[in-house]
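Let me begin by presenting the structure, written as structure tokens, before commenting on it.
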Amino acid sequence: MGLRLELGSGWVLQENTVAAKEDAKAPIVNLHPSFVFPKAEIGSPFAFPSIEFGSDMVRAAIAARVRSGLSPDLPKVAQDEPRRARITEEWDHLRAAWSLHRNGKVDLVEKRRAGFIPTAGYVDPPDTLADWVFQFAQGLGAPCFDEHFEALFQQLLIAKDKGDFGRFVKHFGDDMSSDHGRRHFEMAKAYFAAFSEFSQVHHLVTSGVPVGEEHAAASTNFDATRMFYGNAFEAFGANVEFLVCLNNLVEDRPYDQLKNITLSTYRQTDKAGRCNAIADNVAMAAICKEFDNQVRNASHHGGMVFDRASGVIQYRAGKGGQGDVRSMGYAAYLARCTQLFVQLSVLMRLEILVANEYGVRLPL
């Protein structure tokens, strides 16, 4: 349906839209592309989650600034300051450039970047594809995930002074970067292909606003998202080896030697336990917050049953899906998927930083 608000004219009906007689007793359908709804407010004409959650997001942004040592006063936006392009609009251009890069068409990548970036509203316009992906991912996770990136960066500063760091960087460029880059690209494509669903919780998750069982999503296209968690779990479980290598260096071991096993043995272990290797590193463990093998199994193997009327997903826990039945609201599922995806994007930013700084293959 199409509806447009014109200055001086009011609402103008567009495609697939006709005027109907007002019916005060008609049911209320709550829709919002960027916010979920408290279940108690579904069907209410006075439900405005954009106001309630918008206030929560502002408070979260101020709290994030304070934790980072900045002034609690949000910076004012000048009237002549360029406005950033919408996420989906920018992703269309970035996806095309990234895909061209992966197919070796370097000249066309530059044409894509140069043709879009001047109109994208960047204060510090990216001058390479790597910088573009880095800044785009940074914007996706702000404000709360910036703190995770800064904490991981501090771990990188420790690792880079270790004697085996050079060998690790070469190994990353030669043996890890290509596969990691493919996973980053594929998961970004999957996330934005279903962004009409994830957009309902994205800004809440990245602002640290809890989304739980008391919330309901207005849009419930579960077919578009049912496989996402499982695939993101697999991608994160594989790419987290980058942090494992850094942690080995931080703990004064060769990059390819964990406490009790080698890196090659670690790579053969079940992904469900991959984050255990960095559980004692507070900064690294924090970026593994969302990593649930039970949800992965249900998502990856079609073990989820969605009741559209109630908005509840049911799945079985345990190995092979033989355990107790568990339930999860669709809004909560979207939030968990988003959390896992943004964790992966933070990891990607750190990998791009290392590859760019030390001149090895970029994970793109």
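Points to keep in mind about this one:
- Checking Cβ-Cβ separations below 4.7 Å across the chain identifies Cys144, Cys245, Cys337 as cysteines lacking any candidate disulfide partner.
- In the context of the full set of protein chains, residues of the chain present 51 Å² of accessible surface per residue (probe radius 1.4 Å, heavy atoms only).
- Modelled label positions at Lys289 and Glu110, each set 7 Å beyond Cα in the direction of Cβ, lie 4.1 nm from each other.
- Overall dimensions of the chain by Cα: Rg and Dmax, Å: 22.3, 76
- Placing R0 at 45 angstrom, the Cβ-Cβ distance between Asp23 and Ala238 gives a FRET efficiency of 0.25 after rounding to 0.05.
- Amide H contacts of Ala216: Phe37, Lys39, each under 5 Å away and 5 or more positions distant or on a separate chain (H built 1.01 Å from N in the peptide plane; Pro and chain starts excluded).
- Computed in the context of the full set of protein chains, the accessible area of the chain at 1.4 Å probe radius has 52% of its extent on carbon or sulfur.
- As a length-normalised measure over Cα pairs under 8 Å and 6 or more apart, the relative contact order of the chain settles at 22 percent.
- Extension gain from Ser219 to Glu357, taking 0.36 nm per residue of separation minus the Cα-Cα distance: 45.5 nm
- Computed label-point distance, nm, for sites Gln14 and Ile51 using a 7 Å Cα→Cβ extension: 2.6 nm
- Part-to-part distance (alpha-carbon centres) for the stretch 244-315 and the stretch 73-148, which is given in Å: 29 Å
- Pairwise label distance in nanometres, Thr269 with Asp127, each label 7 Å out on the Cα-Cβ vector: 4.3 nm
The values are calculated or read from the model by the stated rules, or taken from the named source; none is laboratory data. Small disclaimer: the values here were computed from a predicted structure and weren't measured. FYI the Cβ positions are ideal-geometry reconstructions off the backbone, even for glycines, and counts take in every protein chain you see. With ligands, DNA and RNA removed, areas are computed over all heavy atoms of the protein, side chains included. Shrake-Rupley method; radii C 1.70, N 1.55, O 1.52, S 1.80 Å.
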